[in-house]
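The values are calculated or read from the model by the stated rules, or taken from the named source; none is laboratory data. Not measured: the values here are computed from a predicted model. Neighbour counts are summed over all protein chains in view; Cβ atoms, including those assigned to glycine, are modelled from backbone coordinates with ideal geometry.
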Amino acid sequence: MNQVFKNSPIERNISVNALAKKAKMWSKGEIIDFYPNEKPSKDVTKLHPPLFIEVEAFGSIVKRSLIDGGAALNIATTHLLSQFDLELLPPREETTMRVKGFDGVSKKCAGIITLPIRVGKKTLKTLFYITDGKPSFNLILGRPWIDDMEGVTYTLHR
């Protein structure tokens, strides 16, 4: 057994219960772990820029579309939607949903809308929750969009 754990990312002083819990999570694909030499040091202060891309919606390029693997929803801003020809936009659906922003403040959504989002050669009808204001992004493409694109988010570890 020692030979099995010798080259693994498992801590040497782990309890049997903690090991069983990690093994269960690994088998379900719920955990990714790193070897101790792969983990960044605690004094790392280098900022990593967000992953912004350009997408196409209704034949227009939408800049500053943020791919966010931590976002549970896709978000579109009222500012972005005001830039489109209103005749092209599908009707908004009402919602009582509230979303919490980066600042931790909860806001009521202005509605729900489905937009055709094209990246490369693939176009997906994507459900967006609409928020008021003009933040630093036009769209947040969250986990639902990433999953629908059959995408895999990737973070470079140095």
Of everything in the range 96-124, what is closer than 11 Å to ASN74 by Cβ and not aliphatic (A, V, I, L, M)? Give them in sequence order.
THR114
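Results for (1) buried (at least 19 other Cβ atoms within 10 Å of the Cβ); (2) within 21 Å of LEU51 (Cα to Cα); (3) touching a Pro at 6+ places or on another chain (Cβ under 8 Å), shown as yes or no for each residue.
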position: LEU88; (1), (2), (3): no, no, no
position: PRO91; (1), (2), (3): no, no, no
position: ARG118; (1), (2), (3): no, yes, no
position: ILE130; (1), (2), (3): yes, yes, no
position: GLY142; (1), (2), (3): yes, yes, no
position: ASP148; (1), (2), (3): no, yes, no
Filter the range 100-116 for residues that are of a type in the set (Val, Ile, Thr) and touching a strand residue (DSSP E or B) at 6+ places or on another chain (Cβ under 6 Å); the one that is farthest from GLU54 (Cα to Cα) is ILE112
Considering the range 58-96 alone, what residues qualify as being under 13 Å from ASP132 (Cβ atoms), at pLDDT below 90 and among the hydrophobic types (A, V, I, L, M, F, W, C)?
LEU80, LEU81
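Are there any strands (runs of 3 or more DSSP E) wholly within the range 66-158 with 3 or more residues that are under 18 Å from the mean Cα position of the chain (by Cα) and in contact (Cβ under 8 Å) with a residue 24 or more places away in the chain, and if so which? Let's see the steps before the verdict.
On the way: elements: 75-77, 98-100, 106-108, 111-119, 122-131, 139-141.
Output list reads 75-77, 111-119, 122-131, 139-141.
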